[in-house]
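The values are calculated or read from the model by the stated rules, or taken from the named source; none is laboratory data. Everything numeric here is computed off the predicted structure, so don't read it as measured data. Ideal geometry is used to build each Cβ from the backbone, glycine not excepted, and the neighbour counts take in all protein chains shown. What goes into the accessible areas is simple: the full protein's heavy atoms, side chains included, and nothing from ligands, DNA or RNA. Shrake-Rupley method; radii C 1.70, N 1.55, O 1.52, S 1.80 Å.
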Amino acid sequence: MMLRRGFILFLPRLVGLLVVACCLVSIVYMLACTPKGDNQQLALPRVHSPTAKEGYEAILQEREEQHRNYIISLKKQIAQLKAELQGRSEQLKNVQDQYPDPLDIRLDHNNPEKAQANLLAFLRSQIEKAEVHSGVKLSTEYAAVPFESFTLQKVYQLETGLTRHPEEKPVRKDKRDELIEVIELAVGSLNNPEGDGNAKHRVYTASDFVEGIYRTEKDKGTLYELTFKGDTKHQFKKIVLFRPFGPVMNVKNENVNMADTLINVIVPLAKRASKFRQFMQNFREMGIQQDGRIHLTVVYFGKEQMNEVKSILENTSKSANFKNFTFIQLNEEFSRGKGLDVGARFWKGNNVVLFFCDVDIYFTAEFLNSCRLNTQPGKKVFYPVLFSQYNPSIIYGHHDSIPPLEQQLIIKKETGFWRDFGFGMTCQYRSDFINIGGFDLDIKGWGGEDVHLYRKYLHSNLIVIRTPVRGLFHLWHEKQCLDELTPEQYKMCMQSKAMNEASHGQLGMLVFKQEIETHLHRQKLSSKKT
């Protein structure tokens with residue numbers, strides 16, 4: 001009973017203490033949370049202020065007003081950022097519409113109008129990117145893309161080769177059709193000028209064409225500038241046309257497994273045992289050791305040096321544990337076409353890639369893969385352009401000694417040339433070779449048979465892959481053109497012999513060797529006198 005009475009007396013004191021504690025906590029909270037002004041912090045109501053309650057209400061009201069103003073400021077900043085972001089997005093969209101990324105061009109079949117508009121915008125952007133209206137700063141003189149010129153009858157070009165000469169009539173159908181189309185478009189533009197309405201003007205024809213120039217930037221398009229006769233002797237009409245290249249399109253994406261694709265290397269041979277020994281060293285390293293998916297067929301003509309050749313084959317077979325070879329002996333006059341044809345038809349296994357090769361050829365394992373990747377039965381045959389080595393005794397005549405063969409196989413203009421007039425080294429599936437009719441067996445001796453086969457493939461529906469390759473070399477050897485050859489064969493043989501020796505500059509140094517030595521002698525005498 002006394003305990004209860006004591007508790008009742010203590011309760012008011014406890015409540016008072018709690019009230020004082022709450023007040024102290026509130027004061028501390030306001031001291032910590034009241035925002036500072038420009039120069040001073042908001043003060044608490046003083047002891048002599050009207051009332052503590054009114055002071056707190058004023059402070060809370062001021063605090064609420066500050067928060068409201070801060071929120072309004074943040075909303076304004078957010079609105080400004082949104083407006084700026086939208087503006088930047090519209091600018092970016094306009095740039096993309098003007099210069100669309102070729103990777104973004106899609107043929108949307110659901111919206112063909114949009115796809116066509118995107119494509120047209122991209123093609124127009126190609127004109128802006130190319131050197132049509134203004135030049136582009138280039139780092140060196142080698143970066144300039146030269147023009148080629150043309151008339152109604154001739155094309156004048158810098159790059160030459162088997163089918164290209166400094167001056168020529170356009171032989172290739174695609175080039176001929178291209179230039180005819182451009183001239184016709186220019187004539188049509190002259191006869192239907194924009195903005196003339198029904199005004200009378202002269203009628204232009206192709207005979208008014210004077211000359212034109214054109215050049216191709218591989219990633220943009222082809223620029224044509226055509227000049228026509230004007231109304232008077234010293235007046236001309238100039239038409240500028242541009243054929244823009246479209247965006248790159250994904251045509252095929254496939255996995256190619258060549259693990260089980262065998263290559264049958266067929267080599268026709270007569271005598272030349274020392275060259276065959278060198279060939280087998282290359283064959284062993286690249287074909288047997290590095291590649292391993294290869295068969296060798298040697299078609300040998302006659303019996304002279306035959307035992308030596310067979311011995312080289314047998315030694316390679318034993319030392320390399322290589323059994324995939326066939327030796328065929330023919331008792332008749334050498335014929336390259338006959339040897340390759342017999343070797344191809346002798347094969348009795350599954351369809352195989354045939355590589356027609358000569359004994360003076362050096363190939364790499366990478367080339368064998370190129371041979372596989374660029375052939376497809378019923379679809380593609382491969383005609384690589386090999387790099388032909390110049391005479392090492394001329395190339396390295398100023399050296400103490402001729403370097404080893406592997407160090408000579410460098411693709412430079414001083415060491416050799418692309419043999420673009422030769423079609424003897426080729427890869428195709430056996431089924432395509434048989435279906436095309438094989439070689440013309442009426443051709444005897446050297447040359448001609450490869451061109452006939454090449455033309456057969458060109459006249460067929462097969463795709464002919466013709467490209468320079470870095471892993472196929474023709475090793476230099478002295479060439480002899482026999483009197484037994486036909487005039488056409490002899491001419492081809494002599495042409496090959498002339499190009500085989502050295503570069504233009506190196507041959508010039510040989511021609512002027514006496515003048516050079518005389519000059520050096522005079523310089524030596526002059527230095528002694530001084």
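Converting phi to 3J(HN,Hα) with the Karplus coefficients 6.51, -1.76 and 1.60 and the offset θ = phi - 60°, segment 263-271 yields 10, 9, 7, 10, 10, x, 8, 8, 6 Hz in sequence order, with x at every glycine or proline. Legend: residue pairs LYS218/LYS479; LYS238/LYS413; LYS413/LYS529; LYS218/LYS412, Cα-Cα distance threshold 30 Å; pairs beyond threshold, LYS218/LYS479; LYS238/LYS413; LYS413/LYS529. The 1.4 Å probe gives accessible areas that order MET492, MET280, largest first, as MET492, MET280. Count Lys and Arg as plus one, Asp and Glu as minus one, and take only other residues whose Cβ is under 13 Å from that of ASN461; the net charge is then +2. Between amide H atoms placed 1.01 Å from N, distances below 5 Å from LYS237 occur with PHE228, LYS229, GLY230, all of them 5 or more places distant or on a separate chain.
Centroid-to-centroid, using Cα positions, segment 233-268 and segment 393-428 are 28 Å apart. When the residues VAL187, VAL203, VAL353 are ordered by accessible surface, computed with a 1.4 Å probe over the protein chains alone, the sequence from largest down reads VAL203, VAL187, VAL353. Measuring with a 1.4 angstrom probe and ignoring ligands and nucleic acids, ASP231 comes out at about 110 Å² accessible.
Peptides 335-344, 402-411, 468-477, ordered by how many other C-beta atoms sit within 10 Å of their residues on average, highest first, read 335-344, 468-477, 402-411. Calculated on the Cα set of segment 263-508, radius of gyration then Dmax: 17.6, 53 Å. Among 315-327, 413-425, sorting by the average number of other beta carbon atoms lying within 10 angstrom of each residue, highest first, gives 413-425, 315-327.
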